[in-house]
Amino acid sequence: MSGAVRRSPARERLLLAASEVFYREGLRAVGVDRVIERAGITRATFYRHFPSKESLVVAYLRGLDTAVREAVGPVPDDAEGARQWVRQFTRGIGRELCGPGFRGCPFINAAAEYPAADHPVRLAVAEHRTWLEASVTTALRRAGHPDPVQGARRWLAQRDGAMVAGYLSGGEAAAATLNSAVDDLVVSR
């Protein structure tokens, strides 16, 4: 991300309005005018903060990424702490799957709506996924997993599958399956 982000109440209202409608209705389905109206600002104010709708979408995704990183915190240095970090992170995902209005992973949804791998939206999705995989790899390494890189890839695939299953089939079964799979993964020796 280049340059400092200009924070203002109007920018925050735009991001809040965008996050409310983007997740529920889809990124491409929601126009700038809808976000502007919901945020209660002018079109000129929108363009002072975001040069395009895509820049708003990227800011929305980066905000979600930051929220996830802050919620899970750093990976502990000790083996048991690292194992618990993976379990707690996974259980948080399971709670999300069971929450009202769950529509799947906002990053997977964004990738589906922006298929070009070099598009700024897809790059924001890739940044989040890279962080996810690297963090879980670190946790599994610290936990003493025999193949932390492959273990993290398995974790990410299980998480992705649970996100899709939670949306399509219901969260409780998807969360239980994900938690069980990850419990097996973190004790792999």
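The values are calculated or read from the model by the stated rules, or taken from the named source; none is laboratory data. Remember, predicted model here, so these are calculated numbers, not experimental data. Glycine gets a Cβ as well: all are built from the backbone with ideal geometry, and neighbour counts include every protein chain shown. What goes into the accessible areas is simple: the full protein's heavy atoms, side chains included, and nothing from ligands, DNA or RNA. Shrake-Rupley method; radii C 1.70, N 1.55, O 1.52, S 1.80 Å.
If contacts are Cα pairs under 8 angstrom and at least 6 residues apart, what is the relative contact order of the chain in percent?
Reported as a whole number, the value is 23 percent.
What are the trypsin sites (Lys or Arg not before Pro) within the stretch 64-151 that DSSP puts in a loop, where the Cβ has at most 14 other Cβ atoms within 10 Å?
The qualifying sites are Arg103.
Could you state how much accessible area Glu20 has, in square angstrom rounded to the nearest 10, with a 1.4 Å probe and all protein chains kept in place?
70 Å²
Build a GNM of the chain with springs between Cα atoms under 10 Å: which of Ala173, Ala29, Ala124 gets the top mean-square fluctuation?
Ala29
Mind checking the angle between helix 79-97 and the chain's longest principal axis? C-alpha axes, 0 to 90 degrees, to the nearest 10.
That helix lies at roughly 50 degrees to the long axis.
How far, in degrees from 0 to 90, does helix 120-142 lean away from the longest principal axis of the Cα atoms of the chain, to the nearest 10?
20 degrees
Enter the accessible area per residue of the chain (Å², integer; probe 1.4 Å; all protein chains in place).
For the chain, the solvent-accessible area averages 51 Å² per residue.
Take every Cα-Cα distance within the stretch 1-69, group them into 5 Å bins from 0 onward, and report for each bin the whole-number percent of pairs it holds.
Spelled out bin by bin, the stretch 1-69 gives 3, 17, 32, 27, 14, 5, 0 percent.
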